[in-house]
Amino acid sequence: MMGQHGGNQDRLFYSFNLDTHVPADHLLRGIDRFLDLADLCQHLAPFYSHTGRPSIDPELMVRMLLLGYCFGIRSERRLCEEVHLNLAYRWFCRLGLEDAVPDHSTFSKNRHGRFRDSDAFRQLFETVVERCITEGLVGGEGFAIDASIIRADANRRRGVPSTETVEWPAPEQRSRAVREYLAALDEAEPIGATPKYLSMTDPAARWTAAPGCPAFYAYSTNYLVDVKLGVIVDVEATAAHRTEETEATKTMIERVEKRHDLKPQRLIGDTAYGTGPMLEWMVEDKDIEPHVPVWEKFRRTDGTFTVSDFKWDEQANEYRCPRGEPLRSDWRKFKNPRTHITHADTIVYRSTQLACGSCPLKPRCCPNTPARDIARSLYEKSRNVARKVATTADYKQSRKDRKKVEVLFAHLKRILKLDRLRLRGRRGARDEFLLAATAQNLRRMAKRWMQMTMIEPIGAT
Ligand code: SF4
């Protein structure tokens with residue numbers, strides 16, 4: 001017999017428990033298990049007044065935000081609708097069936113106010129990292145570093161050439177992003193060369209040209225990842241510029257050491273982190289093994305002798321070429337001794353025309369110049385340490401481990417849909433990157449817990 005649904009929705013009393021309607025294998029159950037907001041609420045308390053109309057509960061705000069970042073819901077309006085309609089989301093936000101969900105505009109205002117002033121999202125991120133450490137997900141032996149470019153919320157046509165004098169709106173008409181940018185300019189000049197264009201909507205975003213596509217305004221999210229299970233131990237927002245990204249590495253390594261008492265034995269990165277000063281900092285200042293390819297500015301590709309064919313004599317402060325001739329930086333004695341250091345932090349060592357002119361090896365050494373020269377970096381000792389590390393089996397493993405950061409960036413953009421920012425300004429980017437990294441760590445903990453208890457999570461991608 002065909003059954004018939006009654007369609008009776010006008011019952012007056014229901015006995016309904018939300019908890020029983022959320023499946024045991026729902027990803028949110030795992031996330032909820034590892035989310036502890038007690039410290040965060042304490043941290044936020046001084047930012048709330050004791051009088052006036054009650055605000056949205058900060059715990060509800062954070063839970064809703066995390067939901068959005070965990071499930072790739074980028075629109076605040078849609079997030080509020082989803083929490084209203086989805087039983088599991090209501091359960092996670094500690095809302096009853098009849099509790100009101102905040103209006104999206106109130107939600108947005110709260111997000112920009114106290115949360116930003118109190119640095120709440122950093123506090124939240126660090127609490128979650130601490131929990132990852134307690135749960136044994138962080139090894140602390142090897143960290144990998146990388147940066148990924150994320151589009152800013154700035155129209156590429158609403159910019160001005162940075163060589164022109166910019167006419168900013170009157171102070172009372174300036175947006176939050178412009179105010180923050182001008183305040184930061186007063187404190188410190190931006191690092192690196194001036195970009196070609198300056199955005200009028202988000203001036204802190206950097207005009208960036210990625211290969212194969214038109215230039216756009218962007219920020220970089222910098223991840224420091226523990227390679228044991230791919231937990232993000234720190235995250236930093238910078239302009240999309242290599243110098244800023246490498247500087248962020250130092251900030252993050254030192255912050256993790258201070259906050260979580262973790263210092264890696266090896267740091268894994270790509271060639272961008274293989275500059276002389278960066279390697280020197282790793283080797284000499286921090287005693288960290290650099291698992292990073294050395295950045296060679298002048299790599300010879302024409303088959304002539306490379307630097308490794310020349311022998312360095314530390315005591316004599318000279319190179320010896322394959323013919324045994326010396327290459328020196330100070331053939332002439334000056335009255336006032338010179339350092340011979342170039343703008344590129346190198347010292348140039350030269351052979352003599354006399355020696356090279358009659359040398360049978362000249363076509364393989366310096367076919368186009370009268371004599372051979374070698375620019376030796378001031379950081380050559382540290383660069384040699386990195387070169388030696390690159391010949392070990394551990395280094396091969398590190399190359400594989402580095403992929404863990406790339407996987408996290410792919411997940412961030414494809415699954416969590418953070419390929420374009422919604423918030424403007426450096427602080428907006430920082431808030432978004434912190435929340436996304438927190439969501440990724442929570443998901444990792446939840447999934448691992450579910451795998452260990454043999455539950456295949458629902459709602460996970
Ligand atoms: S060309 Fe000059 S530097 Fe090169 S091997 Fe001959 S003598 Fe040495």
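The values are calculated or read from the model by the stated rules, or taken from the named source; none is laboratory data. On a predicted model such as this, the values are computed, not experimentally measured, just so you know. With ideal geometry, Cβ positions are generated from the backbone for all residues, glycine too; neighbour counts draw on all protein chains shown.
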- All positions within region 252-272 that are assigned to a helix (DSSP H, G or I) and either charged (D, E, K, R) or in contact with a Leu (Cβ under 8 Å, 6 or more places away or on another chain) (or both): Met252, Ile253, Glu254, Arg255, Val256, Glu257, Lys258, Arg259
- Query: In region 313-345, which residues are assigned to a loop (DSSP other than H, G, I, E, B), within 16 Å of the ligand (Cβ to nearest atom) and of a type in the set (Lys, Arg)?
  - Reply: Arg323
- Item | Given (1) touching a strand residue (DSSP E or B) at 6+ places or on another chain (Cβ under 9 Å); (2) surrounded by fewer than 11 Cβ atoms within 10 Å (Cβ to Cβ); (3) of a type in the set (S, T, N, Q); (4) assigned to a helix (DSSP H, G or I), index of the condition Thr249 fails | (2)
- The strands (runs of 3 or more DSSP E) lying wholly within region 135-220 that contain at least 1 residues that are of a type in the set (Lys, Arg) and within 20 Å of the chain's Cα centre (by Cα) are 142-151, 206-208
- Leading residue by the ranking (nearest to the ligand (Cβ to nearest atom)) among those in region 288-301 that are over 22 Å from the mean Cα position of the chain (by Cα) and without any contact (Cβ under 8 Å) to a residue 40 or more places away in the chain: Arg300
- Task: For region 302-312, name all the residues that are hydrophobic (A, V, I, L, M, F, W, C) and either more than 16 Å from the ligand (Cβ to nearest atom) or farther than 21 Å from Tyr379 by Cα (or both).
- Result: Phe305
- Message: Condition check: assigned to a helix (DSSP H, G or I), at negative phi, basic (Lys, Arg) and buried (at least 17 other Cβ atoms within 10 Å of the Cβ). Does Arg443 satisfy that?
- Response: yes
- Task: Would you confirm whether any residue within region 402-420 is modelled with pLDDT under 95, exposed (fewer than 15 other Cβ atoms within 10 Å of the Cβ) and touching a helix residue (DSSP H, G or I) at 6+ places or on another chain (Cβ under 9 Å)?
- Result: yes
- Query: Given the conditions (1) within 16 Å of the ligand (Cβ to nearest atom); (2) in a helix (DSSP H, G or I), and given that Val283 satisfies all but one, which numbered condition is not satisfied?
  - Reply: (1)
- Message: Looking at Val83, Val160, Val128, can you tell me which residue is out of contact with any Asp or Glu (no Cβ under 8 Å at 6 or more places or on another chain) and closer than 30 Å to Pro214 by Cβ?
- Response: Val160
- Message: Any residue in region 360-380 that is touching a residue at least 12 places away in the same chain (Cβ under 8 Å) and among the basic types (Lys, Arg) sitting within a Cβ distance under 9 Å of a residue that is more than 9 Å from the ligand (Cβ to nearest atom) and assigned to a helix (DSSP H, G or I)? List the pairs, counting only those 6 or more apart or interchain.
- Response: Arg376/Val307
- Message: Looking only at region 346-355, filter to residues that are within 20 Å of Asn317 (Cβ to Cβ) and either more than 37 Å from the chain's Cα centre (by Cα) or hydrophobic (A, V, I, L, M, F, W, C) (or both); which one of those is farthest from the ligand (Cβ to nearest atom)?
- Response: Ile347
- Task: Please name all residue pairs, on different chains or six or more residues apart, with Cβ atoms under 6 Å, provided the first residue is in region 305-330 and is farther than 18 Å from Pro367 by Cα and the second residue is within 12 Å of the ligand (Cβ to nearest atom) and of a type in the set (Val, Ile, Thr).
- Result: Tyr319/Ile374
- Note on the structure: Here, helices (runs of 4 or more DSSP H) confined to region 360-426 with at least 1 residues that are of a type outside the set (Phe, Trp, Tyr) and within 16 Å of the ligand (Cβ to nearest atom) are 362-365
